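Everything on this sheet refers to the single structure shown next.
The values are calculated or read from the model by the stated rules, or taken from the named source; none is laboratory data. Given the structure is predicted, the values throughout are model-derived calculations rather than measurements. All Cβ positions, even for glycine, are placed from backbone atoms using ideal geometry, and neighbour counts span all protein chains on display.
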Amino acid sequence: MAASPPQRTAPPRRRIDMIRKYIEAQVLGLTGLALGGVDFENPPGDPGLFGPGSASWKVHGDFTSMLIGGIAALLMQMLHPLALAGVWDHSNFRKDMLGRLRRTGQFISGTTFGSTADAERLIERVRNIHSQVRGIAPDGRPYAADDPDLLTWVHVAEVSSFLAAHLRYRNPALPPAEQDRYYDEISLIACRLGARDVPRSRAEIAAYLDRMRPTLVCDARTREIAEILLSNPPALSPWARPVSKAMLLAGVGLLPDWAADMLGVYRPAWQRRATDIAIGRIAPVLRWAVRNGSAHRAKRRVGLLPPAAGPGL
């Protein structure tokens, strides 16, 4: 049964804290934290693969922009026929969108904010999964999830969307040098998964996307996955569904115009502005409410935040 918002029976201050915790539980239930298996608070002092001073911690540290970027990334990734074939043939995405969201979130947060050992374990686990994902696409081409070129496409679609979301919804003033540093740092994950010729700067990302555009396709299966995603906002309760819907629309609005045109989801500028206004109101509430996410726990691990006062969510 879906949880209900706190009732108006407690004293005002306590009621506010109950509302905050309710919102936080709704948010964290969508993330990889719901799966368990990664202890972001231990061992103390371990910086992980990137550390608190990294551009990756900055870009990946905000739930709102990361979820929006993740939606855009998934839509982009499915424009590659071989990436689409792998998801279509080997994923239960169509029946378990929330599960896929959580698993992807766990990998991203774990490799960014987890301890070195946990990050290495997650990378090895995904490499093992990729080694078993093989097949023949409808156009007759063989595909493999560990194909170095396919891994590069998935990575670029992902990180370019994350950075675009961060710039629009978190920090538009992030200096260009920091943006390039992010791409350079985060290429480590793609390389460890087996990608090759990974772009490491804004200029290289832009050139790569230009080269890839002639190879991308939007067919009936691509549109079906897009429809499943856009018509089923991930939410743990009906109360959270309007917020998730706004984030889905924001993810669509984040797509490059050419990708939105291919998918048939292009939205005029006034609709995108309306969505931006909505996210501008939603995001501060989520940032106020969430105090025990992966980034917060990692900051406690490295001593940037005090230990949690009570048991974690």
* For the range 222-254, enumerate the residues that are under 29 Å from residue 283 (Cα atoms) and either outside any helix (DSSP H, G or I) or β-branched (Val, Ile, Thr) (or both). => 225, 228, 232, 233, 234, 235, 236, 237, 243, 252
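Residues of the range 278-310 being touching a Gly at 6+ places or on another chain (Cβ under 8 Å) and among the β-branched types (Val, Ile, Thr), which ones?
First pass over the range 278-310, keeping only residues touching a Gly at 6+ places or on another chain (Cβ under 8 Å): 292, 294-295, 297-298, 301-303.
The one that is touching a Gly at 6+ places or on another chain (Cβ under 8 Å) and among the β-branched types (Val, Ile, Thr): 302.
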* To do: From (1) within 20 Å of the chain's Cα centre (by Cα); (2) more than 23 Å from residue 101 (Cα to Cα), pick out the condition that doesn't hold for residue 276.
  => (2)
* To do: Please name all residue pairs, on different chains or six or more residues apart, with Cβ atoms under 7 Å, provided the first residue is in the range 122-147 and is assigned to a helix (DSSP H, G or I) and the second residue is crowded, with 16+ Cβ neighbours inside 10 Å and of a type in the set (Phe, Trp, Tyr).
  => 122/107; 126/107
* Look through the range 87-97, keep the residues that are under 19 Å from the mean Cα position of the chain (by Cα) and not in a loop (DSSP other than H, G, I, E, B), and return whichever of them is surrounded by the most Cβ atoms within 10 Å (Cβ to Cβ). => 87
* Could you check residue 96 against (1) free of Cβ contacts under 8 Å to residues at least 40 places away in the same chain; (2) under 20 Å from residue 296 (Cα atoms) and say which number it fails? => (2)
* For the subset of the range 164-199 comprising residues that are within 16 Å of residue 123 (Cα to Cα) and surrounded by 21 or more Cβ atoms within 10 Å (Cβ to Cβ), which member is farthest from the chain's Cα centre (by Cα)? -> 195
* To do: Please enumerate the residues belonging to the range 280-296 that are buried (at least 21 other Cβ atoms within 10 Å of the Cβ) and either more than 20 Å from residue 22 (Cβ to Cβ) or modelled with pLDDT under 95 (or both).
  => 295
* To do: Quickly run through the range 200-221 and pick out the residues that are part of a loop (DSSP other than H, G, I, E, B) and either more than 21 Å from the chain's Cα centre (by Cα) or of a type in the set (Gly, Ala, Ser) (or both).
  => 201, 216, 217, 218, 219
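When the residues of the range 204-236 are narrowed to those that are of a type in the set (S, T, N, Q) and surrounded by 13 or more Cβ atoms within 10 Å (Cβ to Cβ), which ends up nearest to residue 100 (Cα to Cα)? Break it down stepwise before answering.
Narrowing the range 204-236 to residues of a type in the set (S, T, N, Q): 215, 222, 231-232.
Among the residues that remain, those that are also surrounded by 13 or more Cβ atoms within 10 Å (Cβ to Cβ) are: 222, 232.
Working: 222: 17, 232: 13 Å.
Ranking the candidates gives 232 first.
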* Asked: Counting just the residues of the range 293-309 that are assigned to a helix (DSSP H, G or I) and either among the small types (Gly, Ala, Ser) or touching a residue at least 24 places away in the same chain (Cβ under 8 Å) (or both), which one comes out nearest to residue 43 (Cα to Cα)?
  -> 301
